[in-house]
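Chemist: I'd like to ask you about the structure that follows.
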Amino acid sequence: SKLAALFEHPLYNIPIPEVMEKDKLFVVNPTEKFSLHSSGSDEWVSSSKAETLLPTGKTAYDTYPPWLKFHIGINRYELYPRQDPLMPTLLRDLATQRIVSSVQKSGGTQLKLIMTFPNYGQALFKPMKQTRDQETPIDFFYFSDFERHNAEIAAFHLDRILDFRRIPPVSGRLVNITKEIRDITTDKKLAKTFFISPAGNVCFYGECSYYCSTEHAVCGKPDQLEGSMAALLPDKTLAKRRSWRSPWRRSYHKSKKAEWELNPNYCAQVRKTPPYDRGHRLLDLIDMAVLDFLMGNMDRHHYETFEKFGNDTFLLHLDNGRGFGTHSRDEPSILAPLQQCCSIKKSTYLRLQLLATQPYRLSDLLQEALATDPLAPVLAEPHLRALDRRLGKVLAVVGRCLAR
């Protein structure tokens, strides 16, 4: 396994600082226990009722469902650890746990559902909008592109291979629209949008600001539907997140350009502006630009951080559905933060160099990681080949910066 060899490489074993109590997102009461009802039902009970059901010798932590262990593990330095024994279980849960509730997620331009499992875990479901081999038409503006379920899956694995670990776990899943959405939804607005297409397939379109209409309906075959299931982050009432507008945000206008597109010295003013004037925030933003360039994602207008950790923490790379839309051309403007600032973390640069070598070729690693997904093959072959080409271009930009 190339992937196993990669994660054993010294560059993937650089220790993070010691995690103190103040660096944890949640400080948990070590005696609070969760357990399944002894009746065999699928509901979780808490604390006192659970005491009698626990086999002796089990710690309270052992009784937590995987999603809760994932939330408890989040700290100032990482969303999840490198060698996370929980990851296979968490991904399996996303792919197989029974769905007890499906409601539409409010906001956004496209249809997304929040699905709940019997153990109270929740996932964000993005339905399949286009096939693996469809490319985004060349005349489409980036902001009118569809979100792709397979891009969400591939982005999670790519982010992990780059050792950023800033995207919550995502798995592919085949969902039954009738049994797992229509028949169990309590969302009245969503329920009104189901219909049977002329081909006899079950379809629905939900309610949202752009792509929610019969022309943009999501249809099953006849009711089987592919989608991505992303583990939800802790509720914002428990762990507040702050949304930051990216300094390299695009104009989202058909003819206007953003300031960074017109001013080659734009980075100088960013460096003087908090929070980019100290710490590693700017370098983290450049990491994100590298990830986006490799995926071809032009839609990074905001990013988020956990409020508890202030400015000294990692960026969350959420919402990656507009990646992997084109493989036949690259978008150099995504690398503007790297090109204009000529800065990159040494650890990121060394890992990118490693991923350009034959034993650790980026496309091979991603292909291996995606092979275990229930919807494999997740990416068409040309997208994998494009990754190696784009990695070469990132290294060339850094090379030019070093020469300068």
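The values are calculated or read from the model by the stated rules, or taken from the named source; none is laboratory data. Being a predicted model, the structure only gives us computed values, none of them experimental. All Cβ positions, even for glycine, are placed from backbone atoms using ideal geometry, and neighbour counts span all protein chains on display. To get the accessible areas, we keep the full protein, side chains included, count just its heavy atoms, and leave off ligands, DNA and RNA. Shrake-Rupley method; radii C 1.70, N 1.55, O 1.52, S 1.80 Å.
Chemist: Give the residue that is farthest from Thr372 (Cα to Cα), with candidates limited to residues of the stretch 78-114 that are open to solvent by 50 Å² or more (accessible area, probe 1.4 Å) and hydroxyl-bearing (Ser, Thr, Tyr).
Modeler: It comes out as Ser106.
Chemist: Let me ask something additional. Can you tell me which residue is most open to solvent (accessible area, probe 1.4 Å) among those in the stretch 208-221 that are touching a strand residue (DSSP E or B) at 6+ places or on another chain (Cβ under 6 Å) and over 18 Å from Glu152 (Cβ atoms)?
Modeler: In the first step, residues of the stretch 208-221 are kept if they are touching a strand residue (DSSP E or B) at 6+ places or on another chain (Cβ under 6 Å); the result is 217-220.
Add one more test, that the residue is over 18 Å from Glu152 (Cβ atoms), and what stays is 217, 219-220.
Working: Ala217: 26, Cys219: 59, Gly220: 2 Å².
For the stretch 208-221, the residue satisfying everything is Cys219.
Chemist: May I pose another question? Among the strands (runs of 3 or more DSSP E) lying completely within the stretch 62-128, list those that include at least 1 residues that are of a type in the set (Gly, Ala, Ser).
Modeler: Values: elements: 101-104, 113-116, 122-127.
Fully inside the stretch 62-128 and qualifying: 101-104, 122-127.
Chemist: Out of the stretch 49-92, which residues are acidic (Asp, Glu) and either at pLDDT 95 or above or touching a Cys at 6+ places or on another chain (Cβ under 7 Å) (or both)?
Modeler: Listed by number, the list holds a single entry, Glu78.
Chemist: What do you reckon, is Leu352 open to solvent by less than 40 Å² (accessible area, probe 1.4 Å), in the same structural domain as Trp248 (by the TED database) and in a helix (DSSP H, G or I)?
Modeler: Answer is yes for this residue.
Chemist: Under 9 Å between Cβ atoms, which residue pairs at least 6 apart in sequence (or on different chains) link something in the stretch 236-264 that is open to solvent by 100 Å² or more (accessible area, probe 1.4 Å) with a partner that is in a strand (DSSP E or B)?
Modeler: Between residues of the stretch 236-264 that are open to solvent by 100 Å² or more (accessible area, probe 1.4 Å) and residues that are in a strand (DSSP E or B), the close pairs are Lys240/Phe306; Arg242/Glu304; Arg242/Thr305; Arg242/Phe306; Arg245/His302; Arg245/Tyr303.
Chemist: Return yes or no: is Leu283 surrounded by 13 or more Cβ atoms within 10 Å (Cβ to Cβ) and in the same structural domain as Asn320 (by the TED database)?
Modeler: Numbers: surrounded by 13 or more Cβ atoms within 10 Å (Cβ to Cβ): yes; in the same structural domain as Asn320 (by the TED database): yes.
It is true that Leu283 is surrounded by 13 or more Cβ atoms within 10 Å (Cβ to Cβ) and in the same structural domain as Asn320 (by the TED database).
Chemist: Still on this structure: Of the residues Leu366, Leu362, Leu391, Leu379, which is assigned by the TED database to the domain that holds Gly279 and open to solvent by 10 Å² or more (accessible area, probe 1.4 Å)? Even if it seems obvious, please write down each step before you answer.
Modeler: Details: Leu366 fails: open to solvent by 10 Å² or more (accessible area, probe 1.4 Å); Leu362 fails: open to solvent by 10 Å² or more (accessible area, probe 1.4 Å); Leu391 fails: open to solvent by 10 Å² or more (accessible area, probe 1.4 Å).
Sole residue among the options that is assigned by the TED database to the domain that holds Gly279 and open to solvent by 10 Å² or more (accessible area, probe 1.4 Å): Leu379.
Chemist: Further question on the same structure: With respect to Asn320, is the statement that it is within 17 Å of Arg249 (Cβ to Cβ), outside any helix (DSSP H, G or I), open to solvent by less than 10 Å² (accessible area, probe 1.4 Å) and touching a Gly at 6+ places or on another chain (Cβ under 6 Å) true? Let's see the steps before the verdict.
Modeler: Details: within 17 Å of Arg249 (Cβ to Cβ): yes; outside any helix (DSSP H, G or I): yes; open to solvent by less than 10 Å² (accessible area, probe 1.4 Å): yes; touching a Gly at 6+ places or on another chain (Cβ under 6 Å): no.
Spelling it out, it is not the case that Asn320 is within 17 Å of Arg249 (Cβ to Cβ), outside any helix (DSSP H, G or I), open to solvent by less than 10 Å² (accessible area, probe 1.4 Å) and touching a Gly at 6+ places or on another chain (Cβ under 6 Å).
Okay, residues lined up against (1) closer than 22 Å to Ile286 by Cβ; (2) of a type in the set (Val, Ile, Thr):
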position	(1), (2)
Phe156	yes, no
Asp159	yes, no
Ile167	yes, yes
Asp183	no, no
Ala217	no, no
Leu225	no, no
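Chemist: Hey, does the stretch 36-48 have a residue that's modelled with pLDDT of 50 or more and of a type outside the set (D, E, K, R)?
Modeler: Initial filter on the stretch 36-48 (modelled with pLDDT of 50 or more): 36.
Still in the running and of a type outside the set (D, E, K, R): 36.
Yes, the stretch 36-48 contains a residue that is modelled with pLDDT of 50 or more and of a type outside the set (D, E, K, R).
Chemist: Pairs, please: C-beta under 7 Å, at least 6 apart or cross-chain, first residue over 16 Å from Ala231 (Cα atoms) and assigned by the TED database to the domain that holds Pro169 and in the stretch 74-88, second open to solvent by 30 Å² or more (accessible area, probe 1.4 Å) and of a type in the set (S, T, N, Q)?
Modeler: Cβ pairs passing all conditions: none.
Chemist: Just to be sure I understand the filter: pairs with C-beta atoms under 6 Å, separated by 6 or more residues or on different chains, first member in the stretch 198-219 and of a type in the set (D, E, K, R), second member surrounded by fewer than 19 Cβ atoms within 10 Å (Cβ to Cβ). Which pairs pass?
Modeler: Glu207/Lys189
Chemist: In this structure, does Phe7 turn out to be among the aromatic types (Phe, Trp, Tyr), within 30 Å of Ile161 (Cβ to Cβ) and either modelled with pLDDT of 95 or more or open to solvent by less than 90 Å² (accessible area, probe 1.4 Å) (or both)?
Modeler: Working: among the aromatic types (Phe, Trp, Tyr): yes; within 30 Å of Ile161 (Cβ to Cβ): yes; either modelled with pLDDT of 95 or more or open to solvent by less than 90 Å² (accessible area, probe 1.4 Å) (or both): yes.
It is true that Phe7 is among the aromatic types (Phe, Trp, Tyr), within 30 Å of Ile161 (Cβ to Cβ) and either modelled with pLDDT of 95 or more or open to solvent by less than 90 Å² (accessible area, probe 1.4 Å) (or both).
Chemist: Could I ask something else about it? Taking the options Ser209, Ser228, Ser243, name whichever one is out of contact with any Pro (no Cβ under 8 Å at 6 or more places or on another chain) and part of a loop (DSSP other than H, G, I, E, B). Show your work before the answer.
Modeler: Numbers: Ser228 fails: part of a loop (DSSP other than H, G, I, E, B); Ser243 fails: part of a loop (DSSP other than H, G, I, E, B).
The match here is Ser209.
Chemist: Answer with yes or no whether Gly310 is closer than 30 Å to Trp244 by Cβ, open to solvent by less than 50 Å² (accessible area, probe 1.4 Å), in contact with an Asp or Glu (Cβ under 6 Å, 6 or more places away or on another chain) and among the small types (Gly, Ala, Ser).
Modeler: Details: closer than 30 Å to Trp244 by Cβ: yes; open to solvent by less than 50 Å² (accessible area, probe 1.4 Å): yes; in contact with an Asp or Glu (Cβ under 6 Å, 6 or more places away or on another chain): no; among the small types (Gly, Ala, Ser): yes.
So Gly310 fails the test.
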